[in-house]
Amino acid sequence: MTGKIVRYFLFLICWCAQSAIAESAPNQNNDWQQWLAAMKEQVIAAGISPAIASDVLDGLTPDNRVLGYAKTQPERRLSYLQYRQSRGDDARIRMGVNQYHRNAPLLNRVARSYGVSPCAIVALWGMETSYGHYMGDFLVTRSLATLAFAGERSAYFNEQLLYALQIINAGHIDNAHYKGEWAGASGQPQFMPSSILQYAVDYDGDGRKNIWTSLPDVFASIANYLAQHGWQANAPWGYEVTVPAQIGLSMGENNWHSIADWQKAGVTLISGQPIPDSSEQAALLMPEGGPGLLVFHNFYVFKEYNNSTYYAGTVSHMANAICQS
């Protein structure tokens with residue numbers, strides 16, 4: 001009897017949650033239709049072909065799955081090592097090493113063109129879409145329209161929808177194949193439409209910024225993103241370190257000290273070896289449940305991709321492992 005009661009209450013909880021999402025989600029009512037008509041006028045006035053505006057927006061229905069994801073994002077707190085194991089484990093690193101060797105001539109050429117590390121390109125590629133294997137299957141324009149109409153950041157997603165239409169209008173991809181994750185990031189680098197317009201590159205010279213299927217464009221777009229955010233060539237991005245219990249230097253972001261100072265304070269590589277000499281200033285971060293991270297300027301360029309210490313630390317860990325292979 002107890003099991004039946006538990007199952008009944010679980011059913012009620014799921015049903016109530018789904019009902020709340022359904023009640024708050026937009027549907028084919030006058031508000032949605034009026035908004036869609038106004039959006040069509042707006043994009044045509046901004047230079048989008050009327051034919052493309054019609055193809056994308058006429059008959060468009062909102063995607064209630066998108067609002068479901070927006071309302072139910074997980075809040076479970078992971079330690080740094082738990083996060084790293086879930087996103088940058090040994091299996092993903094091995095895949096990255098294989099991809100690096102398979103594409104080494106192209107990666108090295110792109111890296112030289114933009115003054116960035118080929119290992120950084122591969123690590124970001126692996127973090128974002130597992131080397132192009134998981135790019136998402138949501139129709140980007142539908143997701144963006146749904147969030148522009150009913151999401152919490154409607155102005156932002158309204159702007160992204162216009163950018164998405166500009167991408168389609170320019171012939172970089174057609175609407176039917178413009179797919180990505182639920183909030184609109186797309187392609188192997190997982191760029192939002194604004195980032196595609198600003199940072200994506202037509203490296204293979206076919207007239208399209210094809211970050212979905214062209215590896216030259218994928219690698220060059222990631223490299224260009226890093227370069228445009230201030231990547232320093234041939235400079236380190238970070239080390240995992242052991243930190244003594246008592247340390248006489250200030251830690252945390254914006255507390256920069258010389259490598260010599262960190263060495264004198266007793267900070268060593270996690271292997272026990274001394275920190276390599278460098279003229280770069282470094283900051284010491286202590287993510288929850290993980291080793292210390294002695295980080296340099298390029299670490300914060302990784303954070304421009306995703307403003308998370310866990311994310312940047314994991315990318316750094318993967319990039320180091322790939323470069324050392």
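Here are some notes:
- Net length gained if the chain between H177 and L269 were fully extended (0.36 nm per residue, minus Cα distance): 28.5 nm
- Across the options P62, I222, S308, the greatest Cα extent toward the positive end of the charge dipole of the chain (unit charges at beta carbon of Lys, Arg, Asp, Glu) belongs to S308.
- Rounded to the nearest 10 degrees, the inclination of helix 154-169 to the longest alpha-carbon principal axis of the chain is 90 degrees.
- Farthest positive-ward along the chain dipole, Cα basis, beta-carbon charges - from S79, Q190, N298: S79
- Contact order relative to length of the chain, as percent, for alpha carbon pairs under 8 angstrom and 6 or more apart: 17 percent
- Spatial separation of Cα centroids for the stretch 246-325 and the stretch 192-224, in angstrom: 30 Å
- Relative contact order for the stretch 238-295: 46 percent, from Cα pairs under 8 Å spaced at least 6 residues apart, divided by residue count.
- Charged-residue dipole, Cβ positions (Lys, Arg, Asp, Glu), the stretch 111-184 about Cα centre, Debye nearest 20: 140 debye
- Under Karplus coefficients 6.51, -1.76 and 1.60, residue-wise ³J(HN,Hα) of the stretch 189-205 in Hz, glycine/proline x: x, 6, 9, 5, x, 4, 6, 4, 5, 8, 10, 5, 10, 8, 6, 8, x
- Counting beta carbons within 10 Å around each of I121, I322 and listing the fewest first gives the order I322, I121.
- Residues with amide H under 5 Å from that of K179, placed H, sequence gap 5 or more: V140
- Note on L249, L67: ascending count of other Cβ atoms within 10 Å places them as L249, L67, the fewest first.
- Using alpha-carbon coordinates, inclination of helix 309-323 to the longest axis of the chain, degrees: 60 degrees
- Selection from A53, Q263, S113 lying farthest towards where the dipole of the chain points positive, charges on Cβ: Q263
- Using the empirical formula 2.2 N^0.38 Å as the baseline, the Cα radius of gyration of the chain reaches a ratio of 1.16.
- Reachable lysines, given that their alpha-carbon falls under 24 Å from the alpha-carbon of K71 and they are not under 8 places away in the same chain: K179
- Evaluating 6.51 cos²θ - 1.76 cosθ + 1.60 at θ = phi - 60° for every residue in the stretch 240-249, the Karplus couplings come out as 7, 9, 9, 10, x, 4, 10, 9, x, 10 Hz, glycine and proline recorded as x.
- Surface/4 of the Cα convex hull for the stretch 238-295, nm²: 3.6 nm²
- Sorted by Cβ density within 10 Å, fewest first, the residues T309, T61: T61, T309
- Cα-based reach from K264 at 29 Å (exclusive), listing lysines while leaving out same-chain residues under 8 positions away: K303
- Derived scalar couplings between HN and Hα for the stretch 252-262 equal x, 4, 6, 10, 9, 9, 6, 4, 4, 5, 5 Hz in order, rounded to whole Hz, by the Karplus curve 6.51 cos²θ - 1.76 cosθ + 1.60 (θ = phi - 60°), x for Gly and Pro.
- Test item: Cα-centred dipole of the stretch 196-325, Lys/Arg +1 and Asp/Glu -1 on Cβ, debye: 120 debye
- About the Cα centre, charge dipole magnitude for the chain (Lys/Arg +1, Asp/Glu -1 at Cβ), debye: 700 debye
- With R₀ set to 41 Å, the beta-carbon distance separating S49 from S258 gives a calculated FRET efficiency near 0.15.
The numbers here are math on the coordinates, done by the rules we state, and not lab data. Predicted, not measured: the structure shown is a model, and the values here were computed from it. So basically every Cβ, Gly included, is an ideal-geometry build from the backbone, and we count neighbours across all protein chains shown.
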